[in-house]
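Asker: Structure below; questions to follow.
The values are calculated or read from the model by the stated rules, or taken from the named source; none is laboratory data. On a predicted model such as this, the values are computed, not experimentally measured, just so you know. So basically every Cβ, Gly included, is an ideal-geometry build from the backbone, and we count neighbours across all protein chains shown. These area figures cover heavy atoms from the full protein model, side chains too; ligands, DNA and RNA do not enter into them. Shrake-Rupley method; radii C 1.70, N 1.55, O 1.52, S 1.80 Å.
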Amino acid sequence: LYHASQLPRIAITEVKAEPLGNGVHKVWVTIENSRMIPTRTQQDVNYHISPPDILTLAGPEVKVLSAGRVVDRFFKRVEAVKRRQERVELDAVPGMGAARVQFVVSGKGRFKVNLDSAKGGIITVEQTLPPGS
C-alpha cells in the first residue's frame, strides 16, 4: 500500500507570463511531482518503454515561437526544442521534484497548457496573456 501511495501525483503549479514587447511574451511553466516515484523511471527512458511526458501550449490567438526545457532556472538557461515548438517532450518529472519549461509566444488572449503523462495523467490549465507593449 505504501508503494501505491507514492505513485506520481503531478500538478502544474505555476504558469507565469511576462511581456517582452510587441505582443511577445515569455511563459514559464512549472510541473511538480509531490510523490516519491517519478513519472518515468530511468529504465523507461533508456529503453523507450513508455511515452515521454508531453507539455503543450495552445490558444486561438496565440502562436508559439520557441520553447525548451529549463536547464538552470536561476541563470535562465534553456535547452531549446528543435521541432514543433508548441510541444515539449520531458523525459520525466522527478519524484519530490519539479520540471520547468519556457515558451516564447506571440499574440493575445487565453491559452491552455496541457500536460499528458502516462503515469501522471492529463492536466490542463487555462490562463490569459497579460497586456504588454
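Asker: Of all residues in segment 85-98, which are in contact with a helix residue (DSSP H, G or I) (Cβ under 7 Å, 6 or more places away or on another chain) and open to solvent by 80 Å² or more (accessible area, probe 1.4 Å)? Outline the logic, then answer.
Answerer: Our first condition is that a residue be in contact with a helix residue (DSSP H, G or I) (Cβ under 7 Å, 6 or more places away or on another chain); within segment 85-98, this holds for 91-92.
Passing the criteria: only D91.
Asker: Where residues in segment 29-51 are open to solvent by less than 30 Å² (accessible area, probe 1.4 Å) and assigned to a strand (DSSP E or B), which of them is nearest to K119 (Cα to Cα)?
Answerer: Here the residue is N33.
Asker: Please go through segment 52-76 and pick out each residue that is assigned to a loop (DSSP other than H, G, I, E, B) and of a type in the set (D, E).
Answerer: Step one: list which residues in segment 52-76 are assigned to a loop (DSSP other than H, G, I, E, B), which gives 52, 60-61, 73-76.
Passing the criteria: only E61.
Asker: Let me ask another. Look at segment 21-45 and say how many of its residues are in contact with a strand residue (DSSP E or B) (Cβ under 7 Å, 6 or more places away or on another chain) and modelled with pLDDT under 95.
Answerer: Number of matching residues: 1.
Asker: Within the group L65, L20, L1, L57, which residue is under 19 Å from A98 (Cα atoms) and either open to solvent by 50 Å² or more (accessible area, probe 1.4 Å) or of a type in the set (A, V, I, L, M) (or both)?
Answerer: Values: L65 fails: under 19 Å from A98 (Cα atoms); L20 fails: under 19 Å from A98 (Cα atoms); L1 fails: under 19 Å from A98 (Cα atoms).
The unique qualifying residue is L57.
Asker: A further question on this structure: Check I10 against each of (1) open to solvent by 30 Å² or more (accessible area, probe 1.4 Å); (2) aliphatic (A, V, I, L, M); (3) in contact with a Gly (Cβ under 7 Å, 6 or more places away or on another chain) and name the one condition it does not meet.
Answerer: For I10, the failing item is (1).
Asker: Is it the case, given these coordinates, that N33 is within 15 Å of the chain's Cα centre (by Cα) and among the polar types (S, T, N, Q)? Before you say what the answer is, go through the steps one by one.
Answerer: On the way: within 15 Å of the chain's Cα centre (by Cα): yes; among the polar types (S, T, N, Q): yes.
The answer is yes for N33.
Asker: K82 fails exactly one of the following numbered conditions: (1) crowded, with 16+ Cβ neighbours inside 10 Å; (2) over 10 Å from the mean Cα position of the chain (by Cα); (3) not in a strand (DSSP E or B). What is the number of that condition?
Answerer: The failed condition is (1).
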